[in-house]
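Only one structure is covered here, and it is reproduced in the block below.
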Amino acid sequence: MTANADVPDSSVNARKTTMAAVCRATTTELAGLDAIAGDAVRVLRAPEIGLVMVRGRVGGDGAPFNLGEATVTRAAVSLPDGVIGFGHVLGRDKDKARLAALADALWQAPATRDAVEALLRPVRERIAAETALKRERAAATRVDFFTMVRGDN
Amino acid sequence: MYVAVKGGERAIDNAHRLLAHARRGDPAVPEVAPAQIREQLALAVDRVMTEGSLYDRDLAAIAIKQARGDLVEAAFLVRAFRTTLPRFGATQPIDTAAMQVARRVSATFKDIPGGQVLGPTFDYTHRLIDFLLEAGAEVDEPARAAADPVPMPRITDLLGHDDLIERNPPGDPDAPVPDLTREPLDLPAGRDLRLQNLARGDEGFLLALGYSTQRGFGRTHPFAGEIRLGEVELEFLAEDVGFAVPLGEITVTECQMVNQFKGSATEPPRFTRGYGLAFGHCERKTMGMALVDRALRAGELGEEVKAPAQDEEFVLMHSDNVQATGFVEHLKLPHYVDFQAELGLIRQMRAEIAARAAAAGPDGAVLKEAAE
């Protein structure tokens, strides 16, 4: 399963951006992917729960060190024309990992990319709204320092 | 010495049934759901994830429920769970400078790019019991303010631009990152391995050791250069995909401790640093960790090593509460044979003393001689 290694960077970046949105989607939000895919999808790797070691850097900017692990579920599917999709999502939701793999495959296939983008549009809007809300709530707790006026004497 | 003892099966089964009943508490009170623990006891969840060394909020919440709120027991459950799973690999090192910041404070600079953002904090609260929580009052909607997208550089990076603080060497990108979950801890340990150990170490242990350095046992003159809390992206280099795939975001807390200077005949004096990083919102933990990280660098920085917090073996071999609780609590297991041997020994000692006392007659000369 080493397909897609020869694709140009810009395409990889767009694919990663889509994967990032899928990671943040709920399983319910992704459920519509099955209808886009039809029933000719082959499961290459059944959803599997495992761990990744999360790394930090010494002092934030130095050499890497192992911080601790996180649960991740992964899956892989292929479409009838041979396009392979991979799903990697934090947590232990097997159905979400399968749907993420499906999203990756369907997004790579020109015939279904628009449908995937349409399905992800409300997800992206929700994520953007939630991020903006978090930023605004944090910003309201920003300290505005002022210096007390001191008398001359 | 351990000897298999049979005969406790029924008692153990019934004790476990009784435990389940005790865990449930008064059936007239609604049962707590793991989702409620995840959402409403979030800092307990964060501590269990950090010390259990596994980022999974839902799992930590179940563990807390199962452990009846005993957080060390919950971390133990999480550690046991992780041993059942395969490891797919390691993430790219997280970039805390790119954090989506929910809280960020510095005790060293008032005016910093991005400002001081208090976020959800107990700081400045009066520590008075809030009886409205008993009554279940509605919670006000948080205030909002315009969020300008200014970057929030790490304070240590700002000091670094003026060369006033030591830089951290980037490390050899091809060198393996040591992992104490794969190989036994070998001393002396590099700073990378020490930080892994401290990151999963017991908060209380690190808090006490950090406090001891402030009280003079290995003083390092610390300032809280920066504490930041927020979400960072995780990327995992999946070999079959061929590039680093995004996994989602996790929340981490980071503490940059800025400590007094180190210079030499050839190097001008620079501030030194201690570092703390933890899953979730674990501020006290990361502060203790950063103090201890700096204290453990005593040898490297040419300081005298004489306090407990500077003693690598003492700190690293006793920081893990799952190991510690295992060895302390194993004392509850049957030691009947060991104790029989001790009983035999003490009876023999006493019999010998009594025999000698009888032989010496009523003046007790032999006993006196033995005591001398």
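The values are calculated or read from the model by the stated rules, or taken from the named source; none is laboratory data. Fair warning: this is a prediction, and the values are worked out from it, not measured in the lab. Cβ atoms come from the backbone with ideal geometry, glycine included; neighbour counts cover every protein chain shown.
Among the residues of the stretch B:61-76, are any surrounded by fewer than 11 Cβ atoms within 10 Å (Cβ to Cβ), aliphatic (A, V, I, L, M) and more than 13 Å from chain A (Cβ to nearest Cβ)? No, the stretch B:61-76 contains no residue that is surrounded by fewer than 11 Cβ atoms within 10 Å (Cβ to Cβ), aliphatic (A, V, I, L, M) and more than 13 Å from chain A (Cβ to nearest Cβ). Please list, ordered by first then second residue, the pairs with beta carbon atoms under 9 Å, 6 or more apart or interchain, first in the stretch B:22-44 and at positive phi, second at pLDDT below 95. Cβ pairs passing all conditions: none. Checking A:Arg74, A:Arg15, A:Arg24, A:Arg45 one by one, the residue that is in contact with a His (Cβ under 7 Å, 6 or more places away or on another chain), within 15 Å of B:Val245 (Cβ to Cβ) and at pLDDT 95 or above is A:Arg74 and no other. Can you find a residue that is touching a strand residue (DSSP E or B) at 6+ places or on another chain (Cβ under 9 Å), touching a residue at least 24 places away in the same chain (Cβ under 8 Å), more than 11 Å from chain A (Cβ to nearest Cβ) and under 26 Å from A:Gly60 (Cα atoms) anywhere in the stretch B:79-91? Within the stretch B:79-91, none of the residues are touching a strand residue (DSSP E or B) at 6+ places or on another chain (Cβ under 9 Å), touching a residue at least 24 places away in the same chain (Cβ under 8 Å), more than 11 Å from chain A (Cβ to nearest Cβ) and under 26 Å from A:Gly60 (Cα atoms). For the stretch B:154-163, state whether one or more residues are outside the structural domain of B:Ala60 (by TED's automatic domain parsing), under 28 Å from B:Arg57 (Cα atoms) and part of a loop (DSSP other than H, G, I, E, B). The answer is yes, given that some residue of the stretch B:154-163 is outside the structural domain of B:Ala60 (by TED's automatic domain parsing), under 28 Å from B:Arg57 (Cα atoms) and part of a loop (DSSP other than H, G, I, E, B). Restricting the stretch B:254-287 to residues that are buried (at least 24 other Cβ atoms within 10 Å of the Cβ) and without any contact (Cβ under 8 Å) to a residue 40 or more places away in the chain, the residue that is farthest from B:Asp202 (Cα to Cα) is B:Asn259.
Here's a check for you: in the stretch B:104-116, which residue that is outside any strand (DSSP E or B) and within 24 Å of the chain's Cα centre (by Cα) is farthest from the other protein chains (Cβ to nearest Cβ)? Checking each candidate, the answer is B:Ala107. Here B:Val177, B:Val150, B:Val101 are screened, and the one residue that is in a loop (DSSP other than H, G, I, E, B) and at the interface with chain A (Cβ under 10 Å from one of its Cβ atoms) is B:Val177. Taken as a whole, the condition of being at pLDDT below 95 and either closer than 21 Å to B:Thr96 by Cα or not in a loop (DSSP other than H, G, I, E, B) (or both) does not apply to B:Asp192. Only one entry in B:Ala290, B:Ala341, B:Ala358, B:Ala351 is small (Gly, Ala, Ser) and crowded, with 16+ Cβ neighbours inside 10 Å, namely B:Ala290. Number of residues in the stretch B:318-337 that are part of a helix (DSSP H, G or I) and closer than 23 Å to B:Cys255 by Cα equals 2. Scanning the stretch B:37-52 for residues that are surrounded by fewer than 24 Cβ atoms within 10 Å (Cβ to Cβ) and either farther than 13 Å from B:Thr253 by Cβ or of a type in the set (Lys, Arg) (or both) yields B:Ile37, B:Arg38, B:Glu39, B:Gln40, B:Leu41, B:Ala44.
Within the stretch A:39-71, being at the interface with another protein chain (Cβ under 7 Å from one of its Cβ atoms), among the small types (Gly, Ala, Ser) and either in contact (Cβ under 8 Å) with a residue 60 or more places away in the chain or not in a strand (DSSP E or B) (or both) holds for A:Gly59, A:Gly60, A:Gly62, A:Ala63.
Among the residues of the stretch B:117-134, is any part of a helix (DSSP H, G or I), more than 7 Å from chain A (Cβ to nearest Cβ) and either among the hydroxyl-bearing types (Ser, Thr, Tyr) or surrounded by 14 or more Cβ atoms within 10 Å (Cβ to Cβ) (or both)? No, that holds for no residue. Within the stretch B:180-217, if we keep just the residues that are more than 15 Å from the chain's Cα centre (by Cα) and closer than 20 Å to B:Glu283 by Cβ, the residue that is surrounded by the most Cβ atoms within 10 Å (Cβ to Cβ) turns out to be B:Thr213.
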